[in-house]
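Report on the structure given below.
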Amino acid sequence: MIDWNYLVKIGVGLFAIVNAIGTIPIFISATDGWSAAHRAKTARIIGITVFTVLALSLFIGDSMLDFFGISIASFQVGGGILLLLMAISMMHAKESEARQTPEEAQVAIEHDAVAIVPLSIPLLAGPGAISSMIIAAEHSGGVVGHISLLIPVAVVSVLSWRILLLSDFIAERLGTIGINIVTRLMGLILAAMSVEFMARGLASLFPGLVNG
C-alpha cells in the first residue's frame, strides 16, 4: 500500500533541495542572449534530466557509487568545482555576441550541454537531491516503494520545468542592464555555493581537518 503522507513529505523535502525557484536568476544568466525557443528547450531538457538522474538514483544509486568507488562527498567536491567555473564566467557578465549561421549547429550543442551540466547536474539534481533519493530508497521497503517514489520525483521535475519556463518572461522584463546586474550578483552567490559544496565534501573526505 502506498504511504501518501510519506510521499508528500519526500516531495516537499525534494522540492526544497532542488530549489528551482532559487535557480531562476542563475538560469536567466546562463541563457543570456538565447532565443525564447532555446530557453524553452533548455528548460524542458533540464526537467527531463532532473527526473532521469533522480529516478536512476532511486534504483541504482548505491550500486553505481559502490561500483565506481565514488562517495557523495567526492560528488560534492566535483560539483563544487563545476559551479565555481560557471560562477567565474558569470561574474564577468559578458554580453552575448551575434551568432553566425555556420555556427548554429555548434551553438545548439552547447545549449544542450549547458542544460545538462551544470544547470541540471549539479545545480538542481546535485549531491543533496541524489543522496536524499538514495536514503529514501533505502527506507521505501521494496520494489513497490521504489516505484512509488517516482511520483514525487516526477512532480518536482515537472514543477522545475514549468518554473524555469517562466524565467523567459522575467528575462524579457529585466533587459540587458538588469541581466548583467543579476549575472554578477548570482555569480557571487553561486561562487559561495560552490565553496560550500566543496567544503562539505572535503570535510567528509578529510574529517581530521575539521576535528583537528
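The numbers here are math on the coordinates, done by the rules we state, and not lab data. Computed from a predicted model, the values in this text were never measured in an experiment. All Cβ positions, even for glycine, are placed from backbone atoms using ideal geometry, and neighbour counts span all protein chains on display.
Per-residue Cβ neighbour counts within 10 Å put 86, 64, 198 in the sequence 64, 198, 86, beginning with the fewest.
Counting neighbouring Cβ atoms within 10 Å and putting the fewest first, the residues 188, 159 line up as 188, 159. Separation of region 37-56 from region 131-149 is 22 Å, based on Cα centroids.
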